[in-house]
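Written out below as structure tokens is the structure these notes cover.
What follows draws every value from the coordinates through simple rules; no lab data is involved. All values reported here derive from a predicted model rather than from experimental measurement. Neighbour counts run over all protein chains shown; Cβ positions are idealised from the backbone, glycine included.
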Amino acid sequence: MFINKSMTVNVIKITEDKTLAQAKEKMAKHGGIRHLPVVDGANTLIGIITDRDVRSALPSSLDVCATDIHAASEKLKVKDVMTKKTVVITSEGTIQDALLLTQKYKVGALPVVDNSKKLIGIISVRDLLRAFINVLGIKEPGTLLCIIVDDNFGIMKKITNAIYEEKISTGSILVARYWEKNKRAVFPYLLTQNVTGIKRRFKNLGFRLLDPMDWSIETEEK
Amino acid sequence: MKKTGFLYDKRYLKHLTGAYHPEIPERLTAIVKGITEADFFSSIINIEAKPADSEAIETVHTKEYIKRFHNACLNHESIFDCPDNQICSDSYDIALLSVGGVLTAADMIMEGKLNNAFCAIRPPGHHAETDQGMGFCYFNNVAIAARHLQRKWNIKRVGIIDIDVHHGNGTEHIFEKDPSVFYYSIHEHPSFAYPGTGRDFDIGKDEGTGFTKNSPVLPGRGIEEYTKLFTQDCIPAFEKFKPEVIIISTGFDAHEDDEMSRIQLSTQGFSWLAEQITNLANNYCQSRLLSVLEGGYCIKRLPELARNHIKILLNS
């Protein structure tokens with residue numbers, strides 16, 4: 001799963017000589033975006049500026065009036081507050097890379113660059129969420145089940161065979177580590193309303209169907 | 001006692017869904033048994049079904065869709081649009097007869113011959129989209145009835161209450177931009193149940209914003225949560241909307257013995273819901289209430305659930 005299909009290619013960007021007022025205006029004008037990659041004249045990425053950077057650099061509205069805030073934003077330049085050590089990803093990066101990077105560096109978006117650091121796109125947490133909604137298949141009508149199985153070789157074959165024999169299409173199958181030792185929680189998202197047969201079949205295979213209120217995909221602390 | 005109508009036609013049994021399907025003719029046989037054996041049976045008024053004309057169906061579904069469904073049946077296909085929707089060569093005609101029966105019931109209510117009615121029909125309708133069959137549904141009976149009430153009887157505000165355990169995606173989408181039809185649904189939470197729609201933040205679109213309301217219920221929560229959500233979400237909304245007629249998408253599949261859901265609603269829970277809805281109809285609609293069968297798959301429980309439902313309509 002490469003990010004190139006999920007990223008935004010028409011990037012709204014800015015140059016370092018622009019003022020914070022201009023940066024603010026640009027973000028507002030483009031639907032309240034929160035990240036502007038900063039590029040030089042050759043479209044090489046040299047930093048990133050976020051709405052948070054802009055707000056932190058300006059005086060608080062509790063201390064000064066709106067005119068003073070505006071004056072400050074006219075005076076300060078993008079280069080004064082932008083982050084220069086930008087966390088980036090290349091177009092050959094995967095969705096998984098992007099997820100781990102955004103989590104590790106606590107950023108909301110990653111500029112996408114080619115090998116010569118030219119800006120070619122941006123991928124935001126929102127883009128990643130959209131990609132994940134696709135992966136989960138939850139835009140199609142279906143029913144989610146949760147079964148607890150032994151963590152044995154070949155167990156997924158039994159599950160997919162049962163689904164196949166019931167002639168059901170699959171939206172997605174998630175496999176999660178379960179809190180019991182040597183067990184896995186498997187979440188088949190089945191594109192049907194008619195799950196009585198498959199539930200019976202899973203039970204006959206010796207699988208345990210978990211009470212929906214006990215479902216969880218996370219067992220690790222945040 | 002109210003003038004309560006009961007719609008049923010033996011031909012509804014002719015829509016066959018093949019082996020291992022929960023939406024089977026026996027559902028209706030069970031419902032009819034429960035009603036004919038009831039002590040109040042002689043007090044209810046029989047409604048005769050007749051097929052709906054294509055003009056009525058076209059108020060909701062596209063011509064292309066109707067034709068596609070008709071052709072699938074003419075060609076003896078066994079599946080239409082998705083594997084859930086198993087059909088036989090009679091399915092198209094029976095679906096027309098379902099809609100037609102519901103429209104007759106609606107007319108009888110508007111003519112004052114009935115105060116309310118229960119329509120024991122199949123196939124069900126609330127998952128059917130304008131151009132897509134799904135979830136055992138082909139023509140959206142309830143949506144077509146709402147449009148019929150508006151067109152023929154000049155009704156300005158129709159209230160739909162969907163108590164099937166699955167969200168009525170079709171009905172919601174058909175009316176989501178329309179402020180003249182209020183769609184309320186209480187159902188098993190879409191993260192756990194088919195069709196995966198009907199979240200509490202889905203409230204309608206454009207002009208119809210605020211005229212859709214969803215109460216998703218987490219598995220196992222039963223009557224306590226139903227009472228709380230219905231009281232807080234549906235009753236005040238309908239008091240404000242003041243519908244002239246209420247249509248119920250009546251599904252019995254939230255029952256604790258129904259394998260299609262995990263909501264655990266008791267038989268008493270269904271009676272409580274029906275009582276709340278008849279109260280709303282008495283308060284705002286001159287008692288005009290049209291109840292249309294959707295799901296409900298526990299053959300053992302359907303007789304008592306349908307019997308209680310009609311008894312409440314009769315005594316409301």
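Between their Cα atoms, which of B:Lys205/B:Lys228; A:Lys5/B:Lys205; A:Lys26/A:Lys75; B:Lys33/B:Lys152; B:Lys156/B:Lys177 are more than 22 Å away from each other?
Checking Cα-Cα distances, B:Lys205/B:Lys228; A:Lys5/B:Lys205; B:Lys33/B:Lys152 exceed 22 Å.
If I require 18 Å or longer along the helix axis, counting alpha carbons, and a Kyte-Doolittle average no lower than -0.5, what helices from chain B are left? Use full DSSP H segments.
Qualifying helices: B:91-110, B:267-284, B:302-315.
Per-residue mean of other chain beta-carbon atoms within 10 angstrom of the beta-carbon, peptide B:82-92?
That average works out to 2.
Under 10 Å, Cα contacts only: if you run a Gaussian network model on chain A, which one of A:Lys118, A:Lys84, A:Lys29 comes out with the highest mean-square fluctuation?
Of A:Lys118, A:Lys84, A:Lys29, the most mobile in the Gaussian network model is A:Lys29.
Enter the angle in degrees (range 0 to 90, nearest 10) between the Cα long axis of helix A:66-75 and the first principal axis of the Cα atoms of chain A, meaning the one along which they spread out most.
Rounded to the nearest ten degrees, it is 80.
Pick out, from B:Phe118, B:Ile31, B:Cys73, the residue whose Cα sits farthest towards the positive end of the charge dipole of region B:4-315, with +1 on the Cβ of Lys and Arg and -1 on the Cβ of Asp and Glu.
So the residue we want is B:Phe118.
At 222 nm, what value in deg cm²/dmol follows for chain B if DSSP H runs of at least 4 each add -39500 (n - 2.57) and the sum is divided by all its residues, to the nearest 500?
So the calculated ellipticity at 222 nm is -11000 deg cm²/dmol.
Return the lysines within reach of A:Lys203: Cα separation strictly under 30 angstrom, same-chain partners fewer than 8 residues apart disregarded; answer none if there are no such residues.
Correct list for A:Lys203: A:Lys139, A:Lys157, A:Lys158, A:Lys167, A:Lys181, A:Lys183, B:Lys300.
Loop only per DSSP, at most 11 neighbouring Cβ atoms within 10 Å: give me the trypsin sites (Lys or Arg not before Pro) in region B:273-311, ordered by residue number.
B:Lys300
Based on the mean of other Cβ atoms within 10 Å per residue, sort peptides A:105-116, B:198-209 so the most packed one is first.
Ranked from most to least packed, the peptides come out as A:105-116, B:198-209.
In debye to the nearest 20, how big a dipole does region B:4-315 give about its Cα centre with +1 on each Lys and Arg Cβ and -1 on each Asp and Glu Cβ?
The dipole of region B:4-315 has a size of about 660 debye.
Size of the dipole of the protein assembly as shown about the Cα centre, Lys and Arg at +1 and Asp and Glu at -1 on the beta carbon, nothing else charged, in debye to 20?
I would put it at about 840 debye.
If you take the charge dipole of region A:83-153 about its Cα centre, with +1 on Lys and Arg Cβ and -1 on Asp and Glu Cβ, which of A:Thr83, A:Leu119, A:Gln96 is farthest toward its positive end?
Going by the Cα projections, it comes out as A:Thr83.
State the answer as a single residue: which of A:Ile133, A:Leu45, A:Gln22 lies farthest towards the positive end of the charge dipole of region A:3-133, with beta carbon charges of +1 for Lys and Arg and -1 for Asp and Glu, about the Cα centre.
After comparing all options, I get A:Ile133.
Return B:Met108, A:Met156 ranked ascending by Cβ neighbour count within 10 Å, so the fewest neighbours appear first.
Sorted ascending by nearby Cβ count, the order is A:Met156, B:Met108.
Averaged across the residues of A:140-146, what count of C-beta atoms belonging to other chains lies within 10 Å of each residue's C-beta?
Per residue, the average neighbour count from other chains is 6.
Each label point is 7 Å from the Cα along the Cα-to-Cβ direction; what then is the distance between the points at B:Ser54 and A:Ala176, in nm?
Computed distance between label sites B:Ser54 and A:Ala176 equals 5.0 nm.
Name the GluC sites (Glu not before Pro) in region B:7-49 that are in a loop by DSSP and that have at most 13 other C-beta atoms within 10 Å, would you?
Sparse-neighbourhood loop GluC sites (Glu not before Pro): B:Glu37, B:Glu48.
Based on the alpha-carbon gyration tensor of region B:1-104, what equivalent-ellipsoid semi-axes (square roots of 5 times the eigenvalues) come out, in whole Å, largest first?
They are 28, 18, 9 Å, listed largest first.
Order by neighbour count: B:Val158, A:Val149, A:Val175, fewest other Cβ atoms within 10 Å first, most last.
Listed from fewest to most nearby Cβ atoms, that is A:Val175, A:Val149, B:Val158.
Among A:Lys139, A:Lys26, A:Lys117, determine the one that fluctuates most according to a GNM of chain A built with springs between C-alpha atoms less than 10 Å apart.
In this elastic network of chain A, the residue with the biggest mean-square fluctuation among A:Lys139, A:Lys26, A:Lys117 is A:Lys139.
Can you put A:His35, B:His309, B:His21 in order, fewest other beta carbons within 10 Å first?
B:His21, A:His35, B:His309
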